[in-house]
Amino acid sequence: MIKPELICPAGTPAALRSAVDAGADAVYCGYQNATNARNFVGLNFTPEEMEKSIKYAHDGGTKVLITLNTFPPAGNVQLWKDAADLSAKLGADACIVADIAVAAYIQKTNPQMRIHLSVQAAASSPEAIRYYVQEFGVKRIVLPRIMTVSEIRGLVEEIPCEVETFIFGNHGLMVEGRCSLTNYVTGQSTNMDGACSPASCVKYERAEDGSMSTILGDYMIDRFKPDETAGYPTICKGRYKCDARDDGYYAFEEPISLNASTMLPDLINAGVHAFKIEGRQRSRAYVKKVVAAFREAVDSIMAGQEPKLADLVALTEGQKHTEGALKTKKWR
Amino acid sequence: MTTAPQTPRLPGASGGFPFLPPLPLFLLQPVLKRIVTKIAADNPDMFDRLGHHRHAYFLIDPVDMPFMLYLRPDPEALDFKALNRRRVLPPHCARISGKFLDLLTLMDTEQDGDALFFSRDLIVTGDTEAVVCLRNALDDVEEPIAESVADMFGAPGRGALNMLRRAAENAQKRKGSHS
């Protein structure tokens, strides 16, 4: 039985240190530019911060995986090439990439660098994954959040690379072009600018009765009653009026987080090599609590003990959580 | 900038904080000035995360206290003072409202801001980008700000912080048992 690595998020050097101290096997993080799919204001790492953070992580026995997980616009790949070269120079343990041009560049210029295929690439079939492995030397695939444990088990047996699955955090399913919706509304692209629902386009309006409206760009995408829990201001989790329902309806996804804590033994038995915690935009308090909880759970399972699962519901979006597609395709 | 005098009230917020007697604000001002100057001196890099929002004024509203806090996190022109909540509010780019203990646990890096937002215990109005920048800047400060402030006042400061931490923990437990 493989002991899965715990892959933990960091949006700032302080969060990285919290993840390392809480027992992360690897931390993933990115630069302050469009190479990074969490390219949010005030977040992420300067080259100097990355250098110091890699040293801190390595001193603690933790790997650092750098996210170059966006798609360069045609003819404009230099930013991604520079980020790949910098990552190699700083001694990163892997780059997480989505675009084949970026993967090809790393394979050619820094062949010693491990390439992990980002969830953004949405590769989930054996044929697609084998292509990435054969052509670009991809060592690990981060699976989209649309597969059951049973499907993952079948896939692991058919592919010549490691498999990483999300186990906690944002339940954003990057399929069917939904990430393009934010581009339509805000003019900025999740996939190419790295910013989904940039904060400059988000407004919260509070009414006298205590209800709160979320405005993205020129559109109201949700309104929460005074006693209703809230979610992120992302358009794929907006509540809309449509012909199918009388009231507002979460037409794409609901404001809910993935929490696969009860599925960990099944995922380990399925041969998953790494568990990923989402949340680079979250605080270090989140990182500390979630990483510590899953560190304890994974270690308990590997020791043959019943895992103690900390209550993480307060940290989930809308204070609701789901096992998502891992348990059933009918997760909604 | 907005001068909206609207005062958000959080569900369940009560009128006063039970541990402190009413305090004339003029006594608070030099203390606040000392706090912000020390934090800024100890963490000069934090301002980089604020970008141009460092020049903005933020209104921090502990809804169960008799005052609000007015912050300009500009290293060249730092400003941090208490305001009487019954007065007309000065211009500000954004307002962050929550119960005092929740705001304290945020500064103590024990609480996640998004989680407080999801539960509607934290309310943000105005310039969301400025607030996100401020949050990220404060979250990357090495030593939790609450701890740095407590240390400035020696043993009594640390004792007060411990008391407040226990109160916050109890409030959290009470909330958990009611949810």
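Only the coordinates and a few stated rules stand behind these numbers; no lab work does. On a predicted model such as this, the values are computed, not experimentally measured, just so you know. Every residue, glycine among them, receives a Cβ derived from its backbone with ideal geometry; neighbour counts consider all protein chains shown.
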Seminar exercise, completed: For region A:53-60, Karplus-derived ³J(HN,Hα) couplings (6.51, -1.76, 1.60; θ = phi - 60°; whole Hz; x for glycine and proline) come out as 5, 4, 5, 4, 5, 5, 4, x
For this session: Compute the relative contact order of region B:76-158 as a whole-number percentage, counting only Cα pairs closer than 8 Å that sit 6 or more residues apart in sequence.
Result: 29 percent
Exercise. Let a ≥ b ≥ c be the square roots of the eigenvalues of the Cα gyration tensor of region A:1-149; is it rounded (a/c under 1.5), or, if not, prolate (a/b larger than b/c) or oblate?
Worked result: oblate
Exercise. What size of dipole, in debye to the nearest 20, comes out for region A:79-180 about its Cα centre when the only charges are +1 on Lys and Arg C-beta atoms and -1 on Asp and Glu C-beta atoms?
Worked result: 200 debye
Seminar exercise, completed: Shape descriptors of region A:202-332 over alpha-carbon atoms, Rg and Dmax in angstrom, are 17.7, 54
Problem set entry | Among A:S150, A:S257, A:S180, residue whose mean-square fluctuation peaks in a GNM of chain A (springs only between Cα atoms under 10 Å) | A:S150
Exercise. So how far apart, in nm, are the two label points at B:E142 and A:D21 if each is 7 Å from Cα heading toward Cβ?
Worked result: 1.2 nm
Exercise. Along each of its three principal axes, how wide is the spread of alpha-carbon positions in region B:18-100, in whole angstrom units, largest first?
Worked result: 36, 24, 20
Exercise. Where does the charge balance sit around A:R140 when Lys and Arg score +1, Asp and Glu -1, over other residues with C-beta under 12 Å from its C-beta?
Worked result: 0
Exercise. Near the amide H of B:A94, under 5 Å away, which other amide H atoms are found, from residues 5 or more places off or on another chain, if H is placed in the peptide plane?
Worked result: B:L59, B:D127
Problem set entry | chain A: relative contact order as a whole-number percent, Cα under 8 Å and 6+ apart | 21 percent
Exercise. Okay, which of region B:67-97 sit inside 13 Å, backbone N to the point 7 Å along the Cα-Cβ direction of B:A40?
Worked result: B:71-81
Problem set entry | Net charge of neighbours whose Cβ lies under 13 Å from the Cβ of A:P13, counting Lys and Arg as +1 and Asp and Glu as -1 | -3
Seminar exercise, completed: To the nearest 20 debye, the protein assembly as shown has a Cα-centred charge dipole, built from +1 on Lys and Arg Cβ and -1 on Asp and Glu Cβ, of 840 debye
Exercise. In region B:25-178, what percentage of the DSSP-assigned beta bridges are antiparallel, given to the nearest 5?
Worked result: 75 percent
Exercise. Taking N as the number of residues in region A:44-88, what is its alpha-carbon radius of gyration divided by 2.2 N^0.38 Å?
Worked result: 1.33
Exercise. Which lysines, on any chain, are close to B:K175 with Cα under 17 Å apart, when same-chain ones fewer than 8 places away are left out?
Worked result: A:K320, B:K99
Seminar exercise, completed: Residue by residue through region B:31-44, the couplings from Karplus 6.51 cos²θ - 1.76 cosθ + 1.60 with θ = phi - 60°, in Hz, x for Gly and Pro, are 5, 5, 4, 5, 4, 5, 5, 5, 4, 5, 5, 6, 9, x
For this session: Give me the number: length gained by fully extending A:Q78 to A:D243, i.e. 0.36 nm times residue separation minus the C-alpha to C-alpha distance, one decimal in nm.
Result: 54.8 nm
For this session: Would you look at the GNM of chain A, springs on alpha carbons closer than 10 Å, and say which of A:C236, A:C29, A:C95 moves the most?
Result: A:C236
Exercise. Compactness ratio of region B:25-178: Cα Rg over 2.2 N^0.38 Å, N = residue count?
Worked result: 1.01
Problem set entry | For B:P144, net neighbour charge (Lys/Arg +1, Asp/Glu -1) across residues whose Cβ lies under 13 Å away | -4
Exercise. In a solvent-free Debye calculation with one equal scatterer on each Cα, what is log10 I(q)/I(0) for region A:180-237 at q = 0.16 Å⁻¹, listed in the order of the q values?
Worked result: -0.48
Seminar exercise, completed: Quick calc, A:K327 & A:E208: beta-carbon distance into FRET formula, R0 25 Å, rounding 0.05, result 0.05
Exercise. Over region A:174-231, what is the mean sequence separation of C-alpha contacts under 8 Å (at least six apart), divided by residue count, expressed as relative contact order in percent?
Worked result: 21 percent
Exercise. If you build a Gaussian network model of chain A, linking Cα atoms that sit under 10 Å apart, which residue out of A:L258, A:L181, A:L79 swings the most?
Worked result: A:L79
Exercise. What average number of partner chain Cβ atoms lie no more than 10 Å from the Cβ of the residues making up A:41-53?
Worked result: 3
For this session: Hey, could you grab the Kirkwood Rh for region A:76-175? Inverse mean 1/r over distinct alpha carbon pairs, Å, one decimal.
Result: 14.1 Å
Seminar exercise, completed: What the 5 Å binned alpha carbon P(r) of region B:76-137 shows, as percent of pairs per bin from 0, is 4, 14, 23, 28, 19, 10, 2, 0
Exercise. One-quarter of the Cα convex hull surface for the protein assembly as shown, in nm²?
Worked result: 24.5 nm²
